[in-house]
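The next block holds one structure in the form of structure tokens; read it before the comments.
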């Protein structure tokens, strides 16, 4: 069996994998899953998957989830298109730290993002923040405080502003608010991670005072540079991350960009 070739990123926020995803075995898939649980995000460089190959690869990780806020691919309905033109104004879609769809009762576990067309190098990086590392460095009293607390997550949180243009385009601007509650601490293979999406969290259940203060502290702590990695896209690159252990954020840029997203339940 050909081993998976991987290399951790700076600060061990994630890892790179260099194998050709067109020729991947089940044993290699299993190894990738272990690396995903360990690091939280994987970057597959120099790939050239067509939409069918992309969908087939993603299917190894679970059942695809629907996302009505984005336009689906005309031939592959589980691929959603994130597109920005150089003439667009306002913030990029997903600009601001968040974890995908945390307002749902069952948020997607994994997200795939594929670079189809990207601007010149150094523009449109995506930031990733490792929540295993963020939890590990929390003060002991904060760990104890949040251990059994649940956050309240809303589809009308701060990150929703970056969605407005897409909602208007697809006639979904009247979608009702969706709210769900989730534990602020997630346990993944014996490792704990903070689960508090700054873009969606609007309160903390059963915390009578100090909600805003705690949310502000966690949001600031979670997004420290020491836990982050800025990924620069090239055409064909694919990122795969766990929404339970990783925050991500688009960054501002000018130019044309087209990305294909798949989320896994």
message = Taking the number of other C-beta atoms within 10 Å as the exposure measure, put 73, 182 in order starting with the fewest.
response = 73, 182
request  = Post the alpha-carbon centroid distance, region 97-133 to region 229-254, in whole angstrom.
outcome  = 5 Å
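How do the peptides 77-85, 239-247 rank, highest first, by the average count of neighbouring beta carbon atoms within 10 Å per residue?
Values: 77-85: 17.4, 239-247: 24.8.
Highest to lowest by the protection proxy: 239-247, 77-85.
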request  = Taking every Cα atom in region 1-148, find the radius of gyration and the maximum pairwise distance Dmax, and write them in Å.
outcome  = 17.3, 51
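Please state, rounded to one decimal and in Å, the Kirkwood hydrodynamic radius that region 191-233 gives when every pair of distinct Cα atoms enters the mean of 1/r.
Numbers: mean 1/r = 0.0829 Å⁻¹.
12.1 Å is the Kirkwood radius here.
Please give the calculated 222 nm ellipticity per residue for the chain, where each DSSP H segment of at least 4 residues contributes -39500 (n - 2.57) and the sum is spread over every residue; nearest 500 deg cm²/dmol? It would help to have the intermediate numbers written out before the result.
Working: 6 runs with 53 residues, N = 265.
After summing the helix terms and dividing by residue count, I get -5500 deg cm²/dmol.
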ask   = Regarding region 170-248, what is the average projected area of its C-alpha convex hull, in nm²?
value = 8.5 nm²
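What percent does the relative contact order of the chain come to when contacts are Cα pairs within less than 8 Å and at least six residues apart? Intermediate values should be presented prior to the final figure.
Numbers: 548 pairs, mean separation 95.7, N = 265.
Dividing the mean separation by the residue count of the chain yields 36 percent.
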note = Taking only C-alpha positions in the chain, Rg and Dmax in angstrom work out to 18.0, 56
ask   = Mind ordering 211-224, 17-30 by average Cβ neighbours within 10 Å, highest first?
value = 211-224, 17-30
query = For region 1-76, taking Cα atoms only, what is the radius of gyration to one decimal and the Dmax to the nearest whole Å?
reply = 13.8, 41
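Which three semi-axes in whole Å describe the equivalent ellipsoid of region 107-153, each the square root of 5 times a Cα gyration tensor eigenvalue, listed largest first? The partial results should precede the final answer.
Numbers: eigenvalues 221, 46, 14 Å².
Equivalent-ellipsoid dimensions as semi-axes: 33, 15, 8 Å.
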ask   = In what sequence do 229, 195 fall when counting other Cβ within 10 Å, fewest first?
value = 229, 195
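Throughout, read-outs are computed from the coordinates displayed, never taken from laboratory work. Because the structure is a prediction, the values reported are computed rather than measured. Note: ideal-geometry Cβ built from the backbone for every residue, glycine included; neighbour counts use all protein chains shown.
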